Every structure is written in structure tokens, then in C-alpha cells.
Amino acid sequence: MKDRSGDAVRRLRARGRDVLDRIGPKFSEQRVIAEATQYWSARADRAWEGNSHWRDGIPDQWEQVGRDHFALFGKLARVLDREPTIGTVVEWGSGGGANAVAFAPHADRFIAVDVVQASLDECESRTRAVCETPFLPVLIDVAAPEEAIERIGPGSCDLFLCLYVIELLPSQEYARRILDIAAELLGPSGVMFVQIKYRDNADRAPHKRNYARNLASQTIFPIDAFWQVAVAHGFEPEVVSLVPQNDLDHNYAYVLLTPSKQDRG
Ligand SMILES: C[S@@+](CC[C@H](N)C(=O)[O-])C[C@H]1O[C@@H](n2cnc3c(N)ncnc32)[C@H](O)[C@@H]1O
């Protein structure tokens, strides 16, 4: 017979850990960056391939991820003054290539950025299986994402994708660094398509510690706060679309951003 009291104790312990991670003192930025580096490089838990969106890790959702994102991007892009160019695409946190296989066939060049070489290799082989678009992998250090700017080239990107990534960045401060990097990489007529996990009216506090067990909700934003952060970092938010629930998780907002006019020169 199943030991129901054991299950109840496990659930209670998990709940206790969850509450502590939300109300306990915040770990330093440096410590969270170190934990994130350790998590992604170690590939220690069984969920890693799923968390990295490799096809074998999320076999039932993988194709849908890229298909849905490409369709949503096309739909949201209709609010822009003119059709965006999908020339050079940079995907920040490309994982196992779910988006790459959907976007790269329409691009002139696809640049995949990630903190894990094995994910870049996986992304490259999935992408090469569907198209001949030139593919450039860029491995970065979690602690030094800005290194990507010189390697890719300031102003050289037409479309900057950041999907299923902001939520697992070490902090809101770190997410701001990624917005700055995107602003540097995008040309004046470029577009950023970003997904954030949003804080809803249930208003639970974000996790402040223990990266590995809370990585899917490490960095969340109220939607209006993200809008303002984007403006502060040189973007004009053009449109937002919500996905309160999908097969993978919940509370997602997709935002299409363009470089703000005053920064366009
Ligand atoms: C959930 S997967 C998302 C993959 C892909 N964007 C998608 O939508 O399927 C998250 C990816 O972000 C990468 N990642 C984690 N921290 C990162 C960081 N600071 N900068 C860039 N990529 C990061 C991970 O290695 C992983 O490949």
C-alpha cells in the first residue's frame, strides 16, 4: 500500500522550503551567478535536458515551442510601422534549438548564444537538419554576458530573441544587463521579441535563494514594471501578449520592443 503519510511529509517539506526561499534573506548577486553557472554546467539533475529545452527533454512540446513563437512573432509584428527584417537573428539562451529550427530557415544568419557548449552543439545540429542558414554559436560566461557584444558586433542584429530565459536569469538586475546587450546589438530598425514570466494578482513573492530548485521563477516582473524597465534601457515597447498557461508553465508575457526613437539617431 502507498505510504500516504510519507507523501504528505514530503509535500510539507517542499512547501516549507518554497516559503523559506521566498521570505529568507536574498543571496548576493555574485552567489546567485555562481549557483546558476554551477547548475547549467554540471548537468547534474534529471530535469536538466527539459530545463534546457532539448528535444529529448521536452519531447511532447519541443516542436510546438518554436512553431508557436514564430506564429506569435508574426502576429505581433503587424503592429509595427513596417515589416521587420529577419536578417541576422540572435537568440539569447538558445537551448536545444526549439526556436532556432523555426526562425533560422527565414533568416540570413542565425547566432545562438548560450552558457553551455553542449546546448550550442545540440542547437546547431537541430538547426542544420532543417536549413542551410549560416549558424554562429557564441558561448558566454554567466558572469560576463557583455563579452557577446564584440563577438557578434554592435548594431549587427535585426531580430533579438529571448524566450524562456528571463525567468531563469539570476536577478532583475541581470535581466537589465541583457536588455542593454540587446540594445547594443540591434540596429536602428531592429526588433526584440522577449518573453518574461509575470507576477500575477496572486502576488506571491519571488524566490530569493537556492537557484537550482527555483530556476523557473528566479526572475519575474510585474508587466508594467518590465515595460518601464525596457523604456529605461532604450526600448519602446510596442505590444504585449499574455499566455497565462501553456503546456510547459504559466504566467508568460511576450513583448515586442524596438529601439527607442531618440536612440535611433
Ligand atoms: C529554458 S531553455 C530555453 C531555450 C530556448 N530559448 C527555448 O525557448 O526553447 C534556457 C536556456 O538558457 C540558457 N541560459 C541560462 N542562463 C543563461 C544566461 N545567463 N545567458 C544566456 N543563456 C542562459 C540555458 O543554458 C538554456 O539553454
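When only Cα pairs below 8 angstrom with a gap of at least 6 residues are kept, the chain shows a relative contact order of 18 percent.
Distance cut-off 29 Å, Cα to Cα: go down the list K75/K261; K75/K208; K26/K75; K26/K197 and report the pairs above it.
Details: K75/K261 23 Å; K75/K208 35 Å; K26/K75 39 Å; K26/K197 19 Å.
Listed pairs above 29 Å: K75/K208; K26/K75.
Loop-located GluC sites (Glu not before Pro) in segment 116-155 (DSSP state not H, G, I, E or B) with no more than 11 neighbouring Cβ atoms inside 10 Å: E132.
Treating only the Cβ atoms of Lys and Arg (+1) and Asp and Glu (-1) as charged, compute the dipole magnitude of the chain about its Cα centre; round to the nearest 20 debye. Write down the numbers at each step before the final one.
Working: 31 positive and 38 negative charges, 231 e Å.
For the chain, the charge dipole is close to 1100 debye.
Using unit Cβ charges (K, R positive; D, E negative) and no other charged atoms, how large, in debye to the nearest 20, is the dipole of segment 206-265 about its Cα centre?
Details: 5 positive and 6 negative charges, 64 e Å.
Taking the Cα centre of segment 206-265 as origin, the dipole is about 300 debye.
With the charge dipole of segment 1-79 set up from +1 on Lys and Arg Cβ and -1 on Asp and Glu Cβ about the Cα centre, the Cα lying farthest toward the positive end among the listed residues P25, S41, V79 is that of P25. Think of segment 28-264 as a dipole: +1 on every Lys or Arg Cβ, -1 on every Asp or Glu Cβ, centred on the Cα centre; then among I152, T127, G66, G66 lies furthest on the positive end.
Which FRET efficiency value, to the nearest 0.05, do you get for Q228 and C131 by plugging their Cβ-Cβ distance into 1/(1 + (r/R0)^6) with R0 = 30 Å?
Working: r = 38 Å, r/R0 = 1.25.
E between Q228 and C131, to the nearest 0.05, is 0.20.
Segment 136-157 and segment 1-79 have Cα centres spaced 25 Å apart. What you get for segment 129-265, charging only the Cβ of Lys and Arg (+1) and of Asp and Glu (-1), is a dipole of about 420 debye around the Cα centre. Estimated at 0.36 nm per residue, the fully extended path between R67 and D121 surpasses their Cα-Cα distance by 17.3 nm. In whole percents, the pair-distance distribution calculated for segment 28-264 from its alpha-carbon pairs, binned every 10 Å from zero, is 8, 35, 41, 16, 1.
Taking amide hydrogens as placed 1.01 Å from N in the peptide plane, the amide H of V239 sits under 5 Å from those of L256, each at least 5 positions away in sequence or on another chain.
Model label points for D81 and I149, set 7 angstrom from Cα along the Cα-to-Cβ axis, are 2.6 nm apart.
Each reported figure results from applying straightforward, stated rules to the coordinates on display, with no laboratory input. Being a predicted model, the structure only gives us computed values, none of them experimental. Every residue, glycine among them, receives a Cβ derived from its backbone with ideal geometry; neighbour counts consider all protein chains shown.
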